[in-house]
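The values are calculated or read from the model by the stated rules, or taken from the named source; none is laboratory data. What you see is a predicted model, and the numbers here were worked out from it, not measured in a lab. FYI the Cβ positions are ideal-geometry reconstructions off the backbone, even for glycines, and counts take in every protein chain you see. Ligands, DNA and RNA are excluded from the accessible area calculation, which covers all protein heavy atoms including side chains. Shrake-Rupley method; radii C 1.70, N 1.55, O 1.52, S 1.80 Å.
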Amino acid sequence: MSIQTDLQATIEDMVKKGKGILAADESDPTIAKRFKPINVESTEENRRIWRSLLLTTPGLGDFISGVILFEETLTQKTDDGTPLPQMAEKQGIVPGIKVDKGKIPLVNAPGDMITQGLDGLADRLKVYKEQGARFAKWREVYPIDTHNPKPLGVTANAEVLARYAAICQSVGIVPIVEPEVLIDGDHTIDRCFEVIEVVQHAVYQALHRYGVILEHTILKPSMVTPGKEHATSASPEEVAENTVKVLRRSVPAAVPSINFLSGGQTDEEATANLNAMNAMSTNQPWELSFSYGRALQQPALHTWQGKAENHKAAQDALHKRARLNGAARYGKYAMEMEKD
Ligand code: 13P
């Protein structure tokens with residue numbers, strides 16, 4: 001297959017009505033943070049057990065079309081010896097891989113960050129592809145403060161995302177482009193809107209400069225919300241209206257799918273907000289979907305508690321969140337469905 005055919009086939013397998021992406025790509029420090037409240041030590045074996053539990057959930061493929069894995073997971077196996085990327089494919093879920101190496105402060109832009117990992121990326125991607133990965137994810141982070149992100153932060157992060165995306169496409173890997181505008185802070189929803197608009201314009205200008213084919217990309221943005229410490233929260237309708245408005249201003253119609261991160265929203269908020277967008281937007285140029293980590297995994301993790309006897313109940317909890325987000329893809333989620 002040519003690289004273009006490969007990329008198109010991956011997009012078609014990932015962008016499906018009623019489905020979204022499961023982010024299970026926590027780095028070692030992040031998964032340790034997630035395991036701590038349930039007193040599970042972050043050993044390689046415990047991470048294997050947890051991620052096998054997720055990927056062997058019966059019927060997961062009915063609502064999940066892609067899974068983002070961490071490097072280590074590509075070589076781990078289920079109890080019966082099936083490699084985890086193969087387990088995903090068996091469920092009709094495309095395996096992908098987080099390829100960035102985390103963030104560091106951006107020199108000369110105090111408060112802003114930049115993500116590392118471009119050196120040797122093409123070679124790493126070729127190995128990941130042999131191990132079964134068909135798409136990749138790279139996250140840039142933008143804190144909101146009075147003077148952040150700074151113009152340098154906006155430009156530098158956009159350049160890195162574009163270089164990453166171009167490298168991915170050159171080896172037949174679909175890039176998920178993730179400019180995460182952080183929810184931390186007491187800013188208003190209007191300030192969040194303003195920052196996301198500036199960030200996304202810069203990202204799409206850079207993607208154009210680097211020759212990235214937008215039809216073969218997925219955007220993973222933050223929703224437009226007030227900061228977590230803001231005095232009042234916003235209704236799903238308010239989040240939906242603002243988010244769709246900023247997307248229409250800044251994301252070209254050639255992009256096939258927009259898969260939001262949950263970014264610290266509760267699982268129910270993330271589902272209700274996505275639902276409100278799909279309920280109000282019947283004729284948007286792109287799919288409006290999810291690529292949730294915490295909002296899909298949290299209830300399952302708390303049910304599991306690291307105990308084999310909770311395995312099935314934890315899978316049921318994951319299946320429920322996947323199903324409810326699947327309903328939100330059609331704007332057909334309702335709060336009462338939480339009680340099922
Ligand atoms: P959250 O949905 O927990 O924000 O995770 C998504 C993700 O992949 C962040 O990079």
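Annotations for the structure displayed:
- Test result for L7, more than 15 Å from the ligand (Cβ to nearest atom) and either under 19 Å from the mean Cα position of the chain (by Cα) or among the aromatic types (F, W, Y) (or both): yes
- Residue in segment 85-93 that is polar (S, T, N, Q) and closer than 30 Å to D145 by Cβ present: no
- Hits in segment 1-11 (condition: of a type in the set (G, A, S) and buried (at least 17 other Cβ atoms within 10 Å of the Cβ)): none
- Listed by position, the strands (runs of 3 or more DSSP E) enclosed by segment 1-111 that each have at least 2 residues that are in contact with a helix residue (DSSP H, G or I) (Cβ under 9 Å, 6 or more places away or on another chain) are 20-24, 64-69, 94-98.
- In segment 170-225, the residues that are acidic (D, E) and open to solvent by 60 Å² or more (accessible area, probe 1.4 Å): D184, D186, D190, E194, E215
- Selection of segment 12-24 for residues being touching a residue at least 60 places away in the same chain (Cβ under 8 Å) and open to solvent by 10 Å² or more (accessible area, probe 1.4 Å) yields D13, V15, K17, K19.
- When segment 48-62 is filtered for residues that are more than 17 Å from the chain's Cα centre (by Cα) and within 16 Å of the ligand (Cβ to nearest atom), only W50 remains.
- Residue list for segment 127-154, filter: hydroxyl-bearing (S, T, Y) and within 16 Å of C192 (Cβ to Cβ): Y142, T146
- Neighbours by Cβ (under 6 Å, 6+ apart or cross-chain): first from segment 137-150, open to solvent by 50 Å² or more (accessible area, probe 1.4 Å); second more than 16 Å from the ligand (Cβ to nearest atom) and outside any strand (DSSP E or B): D145/G111; K150/A109; K150/D112
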